[in-house]
Amino acid sequence: MAKVHDSPNTWIAEHIRRFQETGGQPRPGVNDLLLTTRGRKTGELRRTALVYGRDGDRYVLAASNRGAENHPAWYLNLVADPHVTVQVGTQTFTSHARTATTAERPHLWRLMVSARPEYGAYQERTTREIPIVLLDGRDTTA
C-alpha cells in the first residue's frame, strides 16, 4: 500500500489524528470526512479532513480554502485525477469526484452554507467562485 501524506497544515493534521482516534467523530454534530487525492505534481497520496454535506447518496464538499484567493491543493489534485479515497466514520471507499455543474451549484451551495454558515463569509472574502465538489458514490471503475 502506498504511503499517504497528511496535510502539512498543523491544524488539519491534528484533525486527521483526532478523526482516526474517535472512529471518525472528531467533532460531534459536524459531518467530517477524510479525503485522499493523488498529488498532481508529485503523484503522492495526499489526505485532508473536510466538512461534508449530503445530497441524496452523494457527498458534497466546498473547496473554500477559508476564502483564500487560490483553490485548495486537494481540489486541484482531484481535478487532475478524480479518483479519490474517502473515509466517513470507520468506512473507507473509493469514489469519483467532480465539480458541480453551473445548474447544480446553487442548490448545493445553499446546502453547504446552511450546514456551515462560515462558507458564506468565505465566499465574500474572495473573488473566485468557491467550487462545490460532488463525490458520486462508490467508484466502480477504480
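Some points to look at:
- A viscosity of 1.567 mPa s and a temperature of 4 °C, combined with the Kirkwood radius over Cα pairs in Stokes-Einstein, give a translational diffusion coefficient for the stretch 1-62 of 103 µm²/s.
- Diagonalising the gyration tensor over the Cα atoms of the stretch 1-140 and scaling each eigenvalue by 5 before taking the square root yields semi-axes of 21, 17, 16 Å, largest first.
FYI, it's all coordinate maths here, none of it is from the lab. Here the structure is a predicted model, which means the values were calculated and not measured.
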